[in-house]
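For reference, the structure is listed below as structure tokens.
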Amino acid sequence: MGNNDENSDLYVGKSVRTLEGKGPVSGRAKYTSDFNFDGQLYAHILRSPHASADIKSIDTSAAEKISGVVKVLTGEEAAKYIDPIPHYIDPTGLGGKVATIRCLALDYVWCYGQPVAVVVAEEKRIAQYAVSKINVDYDIKDPVIDPALALREDAKPVVRDWDSNLITQLPFSNGDPEKAISSADEVIQTEVKVHRFSTQPIETRCYNAVWEAETESITLYGTVQNPHPLRNVLSKVLRMPENKIRIHAPTIGGAFGLKMHGHPEEGLMCILSKLTRRPVKWVESREECLLVGAREQVHNVELAVKKDGTITALRDNFVANTGAPSATPGWAMSFLTGLTMPGPYAVRNLDVLLSAVVTNKPGWNASRGYGKEVTAMALEISIDNAARQLGIDPLEMRCKNFIKSDQFPYDSPTGLIYDSGDYSGVLMKAAKAIDYEGWKVKQKEALKEGRYIGIGIGFELTPEGGAVPGTLVAGYDTSSVKVGPDGSVRVLTGVTSPGSGNPTGIAQIVADELGVKLDTIEVIQGDTTTCPYGFGNASGRSTIVGGGSAAKAAKKVREKIIKVAAALMEVDEKTVNLIQGNITSGDKSISLEEVCYAVYTRAYDVASVVEPPLESTATFKPGLIRHTPDENGRINPYPSYSNAGFIAITEVDIETGQTKLLKISVAHDCGKAINPILVEGQANGAISFGIGGSMSENIVFDENGRQLTNNFMDYVMPRAHDVPEILQSHHDSPNPVTYMGLKGAGEAGVGGSASAIVNSVNNALSPFGVLITDLPLTAPRVWAAIQLARKNQPQRKVA
Amino acid sequence: MEDLLEDTVLIQLRINGKYHELEISPSVSLLDLLRDELNFKGTHMGCMTGHCGACTVMINGKTAKSCITLASTLSNVDITTIEGLSDEEGNLSPLQESFWNTAGFQCGYCAPGMLFLTKELLEDNPNPTDDEIKTALEGTLCRCTGYQSLIRAVKDAAENISASKS
């Protein structure tokens, strides 16, 4: 199993084209907004234009008088029919405070863009027009936008019944950081400011709720990453049992965390459908999509170091501005940022303190990297600053401090258990692929011509397959493999795909384990009624647990096929071969279809050696996860620790501050690659997030907390020319506790590439002594830093 | 009761080779007309400001963003949507085969933009360089691939199309 040979009879390890790829290229894939039903109605949402205000009254009478308007719903009326949204990850589980999250604001609004009322109409344009006729009388309050001000004792609480704006404050500590810091050769401080940037899949969210009169139930077609857990949430919101709710997530046009649930519109469409007894659909506008925030954190990193570059302690007091409370899992990314410290580095003395703060900005949702990308950015930018101040090569400084490949499994100082890794091997591979030493020479040559080339390093550890105790974020998942009387195969999984190709990877695994041809397999996902209970797509888990469970189920079905084939051929089952649908024993053979048909039709004679039907359901539950707290109360929520090393080459135009990313090299350890071309695609996509995040994507607000970034002209994502050649190497150190050593792909790339780019720009500008740690590196910001440095050090010689 | 009645405009279009005579609202976008009235769901909404390219179609053989095209301004034009790239039996064109075979797309939501921009490029320039491919694809955003696989797909399409012509 796991043969990479293209001539092998096995599918795993081959870059086969995707089973699901024909739909999108032909325009026939059905994304959520492509579904329409008889009697379809359309919803449009009225959102708060203020960051903080009391709602004194809402007058809906003019909207109701418009012909074609079917229903206008305000927060006050909604509260009669629906309950608050339970949290995806409840802050109380992490010692935090919980706010009541409603689908529509009641009494007051706590952020710009918060839903206040909704109109349902026969046509989209009527709903949109009617929303403009709703009159809300607001008493506008001063908003709390800056997290530092939000933390002051006299700050007004964003959540009126809270005593402060802290969701939670959590320490991550180990060893004796105080002693290490006071006895260090040097303590190097770096303030890293990571800005607000988000996911922005090209398909925005969409929900279409259908009231099923016959069964008095609701079917929700939606852009949903986690259908079964959402069903649980909606059962509480709608006061309906789970068996009266069906979630169907069809083809998804990219998710990256955005389509994890807790959004008000999910419950709203359902209740509107129940009230109107008709299907109600809402398609998120890009402006609405840009409201969903992520990542904004300020880190104050102190590294205690020896003169030789050994890091002896890490202190980081960091603040996350998570915006207004949200039931989505976004806020908890800040927890992962702390938990993943100190990343790949063998630093035992740790003093990290997270302050997760609410403000009157719109809330977060999960975002590719899930906080671990910010850990990488804070660490990598700080380590580069330290290497610069110590006069040590940044590559050497990292290799000196990495956990060594013979130290795994490794108990991290925050309680994590890293499964496997070869961090210096990974980083050196990335360096070699791009010719790191060669670029140093080119850099010197360029500088003589007045060109500023930078070489930057980044590394990231991305724990994958996370499981949070007491939540529906589970470590395991389940698949069913079903072979029909005709020998065709259906695989139903509890995991879902955001468009990443995991159905094909899972089918490759099943084809090999079962012994059938790939094109006889259909993978079915995203339907709570037909698929096994599962936890969907998150945390790079889909192939680890979706593939792992499908392999187990396929093995059991294979055993039945072999047994019946042996009985039909009258041979010993040990002599039966089954590969690519060909069943042989010595010189005898029998068709797969004949065997499968016999299982269903001859259960009382020749096929009685097995229990029909040819179906099996299995669960894969990876090891290493530890939810029973250790003596320090710490858990390990991850089975798998993917990692990646990056080298970025940039050139900065010092007259304009414009940065050009010339080349980027990545070495990626995600364990076994089931379909290498798809795995590469995951890393390339994540790197593109890092490029945009470090250089151009930024969501900004005015001083009143009104969001100014509301379209793709303001929110600048990479286009084709912004992404240079990506040199990708694979470095496989298999995970001992997963099927085939899988580690999970998809998240690694964001934080590592972003850090490498920032470090590269700072490296390019090191002749000026420039160190920019306030992101993103837009041209005006870089230009200003160069000007400031020139003013302060006019006599400084260019090296 | 307030009514949103509007005057209508009569337009005549050929969509994927088929003639349509339609009475439409003057304010409807070509995107909404295609999706909501004519059921061409392969043309996608991504931004409604003309920046993302997921709504790309061809109007008289040139790429256009249907979300910022008022349908009422069009008459007697030939429109090709993504559904028109394959034949009536659903056989894919060499261009589509290349994108599928080489894993050009991940989620595929941007496919209308990428496929039509590539078609337009290769009609003018059958053998483009990487740089020319990037310039051609600038009009459509892809959030999944980092463009690496799209460039690979365009190159494969260039070969595939010239092979199918020879």
Where B:32, B:7 fall by accessible area, highest first, once all protein chains stay in place (1.4 Å): B:7, B:32
What average count of beta carbons from other chains do you get within 10 Å of the Cβ of residues in A:285-294? 2
Which ³J(HN,Hα) values in Hz, rounded to whole numbers, follow from the phi angles of region A:676-688 under the Karplus curve 6.51 cos²θ - 1.76 cosθ + 1.60, where θ = phi - 60° and Gly and Pro get x? x, 5, 6, 5, 4, x, 4, 5, 4, x, 5, 5, 4
Taking a ≥ b ≥ c as the square roots of the Cα gyration tensor eigenvalues, with a/c under 1.5 meaning rounded and otherwise prolate when a/b beats b/c or oblate if not, region B:108-166 comes out prolate
Yeah, region A:476-620 with a ≥ b ≥ c from its alpha-carbon gyration tensor (a/c under 1.5 is rounded, else prolate when a/b outruns b/c, oblate otherwise) is prolate
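Which of the three applies to the protein assembly as shown, rounded, prolate or oblate, going by the alpha-carbon gyration tensor with a ≥ b ≥ c and a/c under 1.5 meaning rounded?
Numbers: a/c = 1.31, a/b = 1.09, b/c = 1.21.
Because its axes are fairly even, with a/c under 1.5, the protein assembly as shown counts as rounded.
Looking at region A:122-185, which trypsin sites (Lys or Arg not before Pro) are in a loop (DSSP not H, G, I, E or B) and have at most 13 other Cβ atoms within 10 Å?
Here the trypsin sites (Lys or Arg not before Pro) that fit, given the DSSP loop and packing criteria, are A:152, A:160.
Ignoring ligands, DNA and RNA, what percent of the accessible area of region B:9-85 is carbon or sulfur (1.4 Å)?
Working: 1480 of 3040 Å².
Roughly 49 percent, rounded to a whole number.
Return the average number of partner chain Cβ atoms within 10 angstrom of each residue Cβ along peptide A:253-260. Intermediate results must be reported in sequence, preceding the final value.
On the way: counts 11, 8, 2, 2, 0, 0, 0, 0.
Mean partner-chain Cβ count within 10 Å for A:253-260: 3.
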Can you give me the solvent accessible area of residue B:110 with a 1.4 Å probe, rounded to the nearest 10 Å²? 10
Going by Cα centres, region A:265-319 and region A:90-110 are how many Å apart? 15
Pairwise centroid distance, computed over Cα atoms, of region A:448-468 with region A:397-437, Å: 14
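Which value, to two decimals, describes the C-alpha radius of gyration of region A:170-259 once divided by 2.2 N^0.38 Å?
Working: Rg = 23.3 Å, N = 90, 2.2 N^0.38 = 12.2 Å.
For region A:170-259, the normalised Cα radius of gyration is 1.92.
If we sort A:758-771, A:360-373 on the protection proxy, mean other Cβ atoms within 10 Å, highest first, what's the order? Working shown, then result.
Values: A:758-771: 23.4, A:360-373: 28.7.
So the peptides A:758-771, A:360-373, ranked by packing, come out A:360-373, A:758-771.
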Helix-only [θ] at 222 nm, chain A, -39500 (n - 2.57) per DSSP H run of 4+, per residue, nearest 500, equals -8000 deg cm²/dmol
Mind listing the phi-derived Karplus ³J(HN,Hα) values for region A:115-121, rounded to whole Hz, using 6.51, -1.76 and 1.60 with θ = phi - 60°, and x for any glycine or proline? x, 10, 7, 9, 10, 10, 9
With a 1.4 Å probe and all protein chains kept in place, how do A:626, A:490 rank by accessible area, largest first? A:490, A:626
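Of the accessible area of region B:94-165, with the probe set at 1.4 angstrom, what percent is carbon plus sulfur? Intermediate values should be presented prior to the final figure.
Values: 1180 of 2460 Å².
So the carbon and sulfur contribution to the accessible surface is 48 percent.
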The protein assembly as shown, accessible area per residue, ligands and nucleic acids excluded (1.4 Å, Å²): 36
If you count the DSSP beta bridges with both ends in chain A, what percent of them are antiparallel, to the nearest 5? 80
Which value, in Å² rounded to 10, gives the accessible area of residue A:302 with a 1.4 Å probe and all protein chains present? 40
Once amide hydrogens are built 1.01 Å from N within the peptide plane, the residues lying 5 or more places from residue A:626 or on another chain with amide H under 5 Å from its amide H are A:636, A:638
Within straight-line cross-link reach of residue B:41, aspartates and glutamates at Cα separation under 15 Å, skipping those fewer than 8 residues along the same chain: A:34, A:203, B:32, B:83
Residue by residue through region A:25-34, the couplings from Karplus 6.51 cos²θ - 1.76 cosθ + 1.60 with θ = phi - 60°, in Hz, x for Gly and Pro, are 5, 9, x, 9, 4, 9, 7, 3, 6, 7
Net charge over other residues, Cβ less than 11 angstrom from the Cβ of residue A:333 (K, R count +1; D, E count -1): +1
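Okay, helix-only estimate at 222 nm for chain B: each DSSP H run of n ≥ 4 adds -39500 (n - 2.57), divide by all residues, round to 500 deg cm²/dmol; what do you get?
Working: 4 runs with 48 residues, N = 166.
Mean residue ellipticity at 222 nm (helix-derived): -9000 deg cm²/dmol.
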Area of residue A:701 that stays accessible when all protein chains are in place (1.4 Å probe, Å², to 10): 30
In terms of modelled amide H atoms, which long-range or inter-chain residues lie less than 5 Å from the amide H of residue A:66? B:2
Centre separation in Å (Cα based) which lies between region A:128-195 and region A:28-43: 40
Within 10 Å of each candidate Cβ there may be at most 12 other Cβ atoms; applying that plus a DSSP loop requirement, which GluC sites (Glu not before Pro) in region B:4-66 survive? B:6
Any idea of the total accessible area buried by the B-A contact, 1.4 Å probe, rounded to 100 Å²? 4800
Listed residue (B:15, B:25, A:112) projecting farthest to the positive dipole end of the protein assembly as shown, Cβ model: A:112
Trypsin sites (Lys or Arg not before Pro) restricted to DSSP loop in region A:297-351 with at most 15 other C-beta within 10 Å: A:306, A:307
Out of A:616, A:595, A:515 - ranked by how far each Cα lies towards the positive end of the dipole of region A:476-620, with unit charges on the beta-carbon of charged residues - the top one is A:616
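The values are calculated or read from the model by the stated rules, or taken from the named source; none is laboratory data. Predicted, not measured: the structure shown is a model, and the values here were computed from it. Positions of Cβ are generated from backbone atoms using ideal geometry, with glycine treated the same way; all protein chains shown enter the neighbour counts. To get the accessible areas, we keep the full protein, side chains included, count just its heavy atoms, and leave off ligands, DNA and RNA. Shrake-Rupley method; radii C 1.70, N 1.55, O 1.52, S 1.80 Å.
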